[in-house]
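Take a look at the structure set out below.
The values are calculated or read from the model by the stated rules, or taken from the named source; none is laboratory data. Only a predicted model underlies this, so the values are computations on that prediction, with no experimental measurement involved. When we count neighbours, we look across all protein chains shown, and the Cβ atoms used for this are built from the backbone with ideal geometry, even at glycine.
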Amino acid sequence: MSRRIEQLNEQLKEQLANLIIKEVALDNGLITVCFVNCSTDLKHAKIAISILPDKFGPSVLKKLRKLSGLFSRELKNKLKIRQIPRFHWVLDKTESRAAEIEDIIKKIKEEEI
C-alpha cells in the first residue's frame, strides 16, 4: 500500500470518527472506527466499525449507510482530495470476540480452582 493511501486512510478514520460522534447519538453505547481501507484507485473505502453493545449493531450500521452522503459532503470540504471514496460500512466483531474469549478463559480458571 502506498504512503499516500495510508495517509488518506488515517485522515478518513479520524474525520469519520468525529462526524459519527456528532451525527449518531447512541445512549449507553460506543461506536469505534476500527480501520479504513481505500482501494488503490481511491474510488471505494471499506470502513470497519465496532459497536458495543452488539445489539445496536444493525440499527447503527443502517443509520451510517444513510448518512454516507452527508459524510461525503462534509469530508469534501475538509480534505484536499478530488473525490471522496464511496463508503462501504462493515461491522468489526474483533472486540466482542475478544470479550467472549476472555470470558471463556475466566471460566476455565475458575473451574481449576
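If the condition is being under 15 Å from LEU75 (Cα atoms) and surrounded by fewer than 17 Cβ atoms within 10 Å (Cβ to Cβ), then the stretch 1-10 contributes GLN7, GLU10. Identification of strands (runs of 3 or more DSSP E) wholly contained in the stretch 16-106 with 3 or more residues that are small (Gly, Ala, Ser) and surrounded by 15 or more Cβ atoms within 10 Å (Cβ to Cβ) yields 44-52.
May I ask you to say which residue of SER2, SER96, SER68 is of a type in the set (Ser, Thr, Tyr) and at pLDDT 90 or above? Before you say what the answer is, go through the steps one by one.
Details: SER2 fails: at pLDDT 90 or above; SER96 fails: at pLDDT 90 or above.
Going through SER2, SER96, SER68 in turn, the sole match is SER68.
Between ARG65, ARG97, ARG73, the distinction of being without any contact (Cβ under 8 Å) to a residue 60 or more places away in the chain, within 17 Å of VAL33 (Cβ to Cβ) and of a type in the set (Lys, Arg) belongs to ARG65 only.
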